[in-house]
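Below is one structure, written out as structure tokens; comments come after it.
Read the figures in this text as sums done on the coordinates, not as results from a lab. As the structure is a prediction and not an experimental result, all values here were calculated from the model. Glycine gets a Cβ as well: all are built from the backbone with ideal geometry, and neighbour counts include every protein chain shown.
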Amino acid sequence: MIALDNIHKSYVTGNNSLHVLKGIGLEIKGGEFVSIMGPSGSGKSTLLNILGMLDNYDEGSYYLAGNLIRNMSEKRAAQLRNELVGFVFQSFNLISFKNALENVALPLYYKGVSRKKRNLMAMEYLERLGLKEWAGHMPNELSGGQKQRVAIARALISKPKVILADEPTGALDSHTSYEVMELLREINREGITLIIVTHEHDIAAMTSKIIRLKDGMIHEIIHNGNLQEFRYRYTKQLETV
Amino acid sequence: MFDLDLWKEILSALKKNRLRSFMTAFGVFWGIFMLIIMSGAGRALENGVMDGIRAFATNSAFFWTEPTSTPYKGFQRGRQWIYNNTDIAYLRANVKEIEYLSPRLFGWRQRSGDNTIRGEKTGAFNIYGDYPDYFKIDPWTPLKGRLLNEIDVLHGRKVCVIGERVAETMFNKEEDPIGEYLKVAGVYFKVVGVVHPETRINIGGGRKEETIMIPFTTMQKAYNYGDQIHFFSVTSQPGTPVSQLEEKLKTVLKERHKIAPDDRQAVGSFNIEVEWKKYNRLFLGIQVLTWIVGIGTLLAGVIGVSNIMLVIIKERTQEIGIQRAIGATPSKVILHIVAESVFLTVVAGYIGLALGVGLLELLNVALENGGDEIFFRRPEVSFKMAVAALNVLVVSGIIAGLIPAKRAVSIKPIDAIRDEGI
């Protein structure tokens, strides 16, 4: 599904060049549930943006569902994003003057789906996420968990192959966080590849594969079978602190 | 294609910033409103003035006499002189460029006090002796009866045509003036016509409606003017500029009356062609000025729209970023912004256009009740101009939207999403 090879990325501001990603090689198969972890500044958000075609990279190659993502026009990138990728953001990023239903239906609008059909589909997805009664509410009338569920519905509606989530639980309390994670796992079980960026170990522990970044490189990859060991090491780290 | 979502989006975005949308729209509204009002007012002035002279023969010139200004052939300067019948006969026979020639006598001696009497009614009117050709130069329409004709002049008939005001003053409403007699300065004349002036150019002063015109020959005999002529009008043959004829006639007249060829004062004349050109240039100038000021005002409005769009885009950077993250193509984003800007300018401009035209229409109604004397008539804007103004609006709306739209899509979606709206 996703194949990264030797990805480099620098941010240039004035005369300073910040080398963020220093050769990332990574393969994620279809249907995997992956979390990206790492201290701040390790390049996890940058990686996610490159994966989501929101940002370009300087060196290397990136294949998404068989398409080489490189130097493509904004228009093509927008189409691919619409077809292949769903986004979930830490700050939900719902459009404030559209109600829940309209927010969920928006990706279909850009796909050119008729109004009636996309509203019907949007309602279906809201119902699946238990938000049917909230369809007509504006984002500021929803709780954080509800907002994130609306955002997830919006990410799901275009039937993407991959869902990218940037700190999806970052703005939620732990109870709601677990609810959202449960929801994401359910979605993953339906065969959609899920990649989340998080710094919370308990959230990462619910995924099947953890990619730890450090200074723009992959520090280690932990598979679910080794999670016990990971948890042990994690507690040890805490003890030393 | 009517895209409901596009319009919903535009309206909600504009509604979110009600006051600002309004102020911006007001700039455009005011621009187009002023353009329409100024252009309409300019046109009204033109109509008012041009209506008064349009029917007048544009190839006409007028001659009168002034005291000489230089001594010549034994005559002192300051000599009073006057045209006579032989001048007219000579000009008619020898100057081929003349189309119509119409001598006139001003009844100055007959003008004191109430000079017209009919039974118990009296009135003070201007009396002129005219040839029928006069009506071809300065047209009058007979409301009742007829104009003067060649036979009246030939036989020195004691007939007259009278202006509307004369008929109103000297006759009761139910009376028909035709065939009735008026005693004008001691002489009885039979009324053969009641006439209405077509132009507001007035030779001899006073109100044109208060005129009594009698045959020229009758006037000379009845009031002892001998063979004098006070004034004459000519028109040039087609193909001859009247200015050229004017110069030629002046030369001929100076020679006949022993006036120095370089005397610029003695032969008084006036040439409609020159005046006509002056008027046309004046009104062209007014229209050009109107457009310059109007377009300037409009431009200020459009710049306002562009400015406001920039601010809106800045505020909505994050939203645009989200839209692009979930699949909005750059062209779609540009379309949204441009449509918003065009919508704002066109709606505001259309309201300005409608109100402007409406106000002109109101003014028109008010002016129409004002009568003939007002030099301000039919304020109007041409359909062509309205369409041109609307085109300018749409184009400027597109430009006003395109600049911020280009900026909006030049920001990477990821930067846009991170933008905290600061």
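Amide hydrogen proximity for A:Asp55: with H placed 1.01 Å from N in the peptide plane, the residues at 5 or more positions away or on another chain lying under 5 Å are A:Ile50. Residues of segment A:29-43 falling in the label zone of A:His201, defined by backbone nitrogen less than 14 Å from a point 7 Å along Cα to beta-carbon, are A:37-39.
Applying the Karplus relation 6.51 cos²θ - 1.76 cosθ + 1.60 with θ = phi - 60° to segment A:165-175 yields 3J(HN,Hα) values of 10, 9, 6, x, 10, x, 10, 10, 6, 5, 4 Hz, where x marks Gly and Pro.
Per residue, chain B reaches -18000 deg cm²/dmol at 222 nm when only DSSP H runs of four or more residues are counted, each adding -39500 (n - 2.57). Ranked for footprinting exposure by Cβ neighbours inside 10 Å, fewest first, A:Met1, B:Met219, A:Met37, B:Met38 give A:Met1, B:Met38, A:Met37, B:Met219. Entry note, chain A: the mean residue ellipticity at 222 nm calculated from DSSP H runs of n ≥ 4, each adding -39500 (n - 2.57), is -12000 deg cm²/dmol after division by the residues and rounding to the nearest 500.
Return the long-range amide H neighbours of A:Val197 (sequence gap of 5 or more, or a different chain), with a cut-off of under 5 Å between placed amide H atoms. It is A:Ile36, A:Ala165, A:Asp166, A:Glu167, by chain and number. Based on Cα contacts under 8 Å between residues 6+ apart, chain A shows a relative contact order of 27 percent.
Principal axis analysis of the Cα atoms in the protein assembly as shown yields extents of 139, 59, 40 Å, listed in decreasing size. When the Cα positions of A:Ser17, A:Asn67, A:Met37 are compared along the charge dipole of chain A, A:Asn67 comes out farthest toward the positive end, with charges on each C-beta of Lys, Arg, Asp and Glu.
Relative contact order of chain B, taken over Cα pairs closer than 8 Å and 6 or more residues apart, is 28 percent. Just how far, in whole angstrom, is segment A:92-119 from segment B:58-102 if you go by their alpha carbon centroids? Between the Cα centres of segment B:58-102 and segment A:92-119 lies a distance of 90 Å. A Förster radius of 35 Å, combined with the Cβ-Cβ distance separating B:Gln287 from B:Tyr90, puts the computed FRET efficiency at roughly 0.15. With neighbours defined as other Cβ atoms within 10 Å of a residue's Cβ, the residues A:Ser35, A:Ser61, B:Ser341, A:Ser17 order from fewest to most as A:Ser17, A:Ser61, A:Ser35, B:Ser341. Loop-located trypsin sites (Lys or Arg not before Pro) across segment A:1-91 with a Cβ neighbour count of 15 or fewer within 10 Å are A:Lys29, A:Arg70, with loop assigned by DSSP.
Checking every one of the GluC sites (Glu not before Pro) in segment A:156-224 against DSSP loop status and a limit of 13 other Cβ atoms within 10 Å picks out A:Glu190.
Here the Karplus curve 6.51 cos²θ - 1.76 cosθ + 1.60, taken at θ = phi - 60°, turns the phi angles of segment B:203-213 into couplings of 9, x, x, x, 7, 5, 6, 9, 10, 10, 10 Hz, with x standing for Gly and Pro. Each Cα pair under 8 Å and six or more residues apart adds its sequence gap; the mean of these over the residue count of segment B:60-272 is a relative contact order of 35 percent. Taking amide H as placed 1.01 Å from N in the peptide plane, B:Tyr83 has its amide H under 5 Å from the amide H of B:Ile229, each at least 5 places away in sequence or on another chain. In sequence order, segment A:61-76 has phi-based couplings of 9, 9, 10, 10, 6, x, 9, 6, 9, 7, 6, 8, 5, 4, 5, 5 Hz under the Karplus curve 6.51 cos²θ - 1.76 cosθ + 1.60, θ = phi - 60°, and Gly or Pro positions carry x.
Counting only Cα atoms, the size of chain B along its three principal axes is 104, 58, 34 Å, in decreasing order.
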